[in-house]
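The structure appears right after this line, and notes come after that.
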Amino acid sequence: MTAESAIARRCAARWRRLRADQGGAAALEFALVSLPFITLFLSILQISLVYWVGQNLEDSLQRGARTLYTGTFQGDTRTQKDASTLLTNLRTKICSRGVAFDCNNLKLDVSVSTSFAGGAVPTALDTRTGTWISGFGTKYTCANPGAIVAVTAALKFPVAFTFLNAGASAFSDGSRLIQSTYVMRVEPYDVSSGSAC
């Protein structure tokens, strides 16, 4: 027997033993199955979080816009005429109770319409550039008694898995746009001590 054939036989024997060994099979199978499972789990978690934040924005906007609906906000800010300050005050009202998002990423737009059918919801995202539409979040039109008002809130919400944004409005950095609009006719409120508008 030659030395080469002895080495070849030993290598073949080791190879057969290695193929027959099942010791690491479970670990390998777990690794192969766990990666897609963990990815699926985190994707479901992210989608759930986006929907939860959207619902939270919806609820917070309704609570905050209610102060416009009743005239409370107009009465409280009677002396203020600066749109930026008024929008900041309204954002503070919206975020006054615990919210599930960063209020610094929230932009508001308040507009008045002559009829429910004639109103238009402003667009917040420029889909070509993936940035905010120029001028969105700067418009505040005072809501007089009986006026039809649309309050639009748009939130830039960061997400971990940007590939899940397929078909959804997204910013160029991968953040998701979550938007809500509340339309109402303002109740008659007391303007005897001077108009809020």
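The values are calculated or read from the model by the stated rules, or taken from the named source; none is laboratory data. Not measured: the values here are computed from a predicted model. So basically every Cβ, Gly included, is an ideal-geometry build from the backbone, and we count neighbours across all protein chains shown.
Return yes or no: is Asn144 surrounded by fewer than 19 Cβ atoms within 10 Å (Cβ to Cβ) and in contact with a Cys (Cβ under 8 Å, 6 or more places away or on another chain)?
Numbers: surrounded by fewer than 19 Cβ atoms within 10 Å (Cβ to Cβ): yes; in contact with a Cys (Cβ under 8 Å, 6 or more places away or on another chain): yes.
Yes: the conditions hold for Asn144.
Right, Ala160: assigned to a loop (DSSP other than H, G, I, E, B) and surrounded by fewer than 19 Cβ atoms within 10 Å (Cβ to Cβ) or not? Yes, satisfied. Filtered by the rule that a residue be over 18 Å from Ala147 (Cβ atoms) and at pLDDT below 90, region 52-79 gives a lone residue, Thr79. Taking region 100-117 as the range and being part of a loop (DSSP other than H, G, I, E, B) and either touching a helix residue (DSSP H, G or I) at 6+ places or on another chain (Cβ under 7 Å) or among the charged types (D, E, K, R) (or both) as the test, the residues that pass are Ala100, Phe101, Asp102.
One line per residue, one yes/no per condition, for (1) under 30 Å from Ile38 (Cβ atoms); (2) touching a strand residue (DSSP E or B) at 6+ places or on another chain (Cβ under 8 Å); (3) among the polar types (S, T, N, Q); (4) not in a strand (DSSP E or B):
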{"site": "Gly119", "(1), (2), (3), (4)": "no, yes, no, yes"}
{"site": "Thr123", "(1), (2), (3), (4)": "no, no, yes, yes"}
{"site": "Gly135", "(1), (2), (3), (4)": "no, no, no, yes"}
{"site": "Val149", "(1), (2), (3), (4)": "no, yes, no, no"}
{"site": "Lys156", "(1), (2), (3), (4)": "yes, yes, no, no"}
{"site": "Ala168", "(1), (2), (3), (4)": "yes, yes, no, yes"}
{"site": "Ser172", "(1), (2), (3), (4)": "yes, yes, yes, yes"}
{"site": "Ile178", "(1), (2), (3), (4)": "yes, yes, no, no"}
{"site": "Met184", "(1), (2), (3), (4)": "no, yes, no, no"}
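If the condition is being among the polar types (S, T, N, Q), under 19 Å from the mean Cα position of the chain (by Cα) and either closer than 19 Å to Val186 by Cβ or in a loop (DSSP other than H, G, I, E, B) (or both), then region 68-99 contributes only Ser96. Comparison of Leu125, Leu155, Leu49 shows that the only residue that is among the hydrophobic types (A, V, I, L, M, F, W, C), more than 30 Å from Ser192 (Cα to Cα), at pLDDT 95 or above and surrounded by 14 or more Cβ atoms within 10 Å (Cβ to Cβ) is Leu155. Scanning region 81-99 for residues that are under 12 Å from Cys142 (Cα atoms) and surrounded by fewer than 14 Cβ atoms within 10 Å (Cβ to Cβ) returns Lys81, Asp82. Of the residues in region 166-174, at least one is surrounded by 18 or more Cβ atoms within 10 Å (Cβ to Cβ) and either among the small types (Gly, Ala, Ser) or without any contact (Cβ under 8 Å) to a residue 40 or more places away in the chain (or both). Of the residues Asp102, Asp109, the single one that is in contact with a strand residue (DSSP E or B) (Cβ under 7 Å, 6 or more places away or on another chain) and either under 18 Å from Glu58 (Cβ atoms) or buried (at least 19 other Cβ atoms within 10 Å of the Cβ) (or both) is Asp109.
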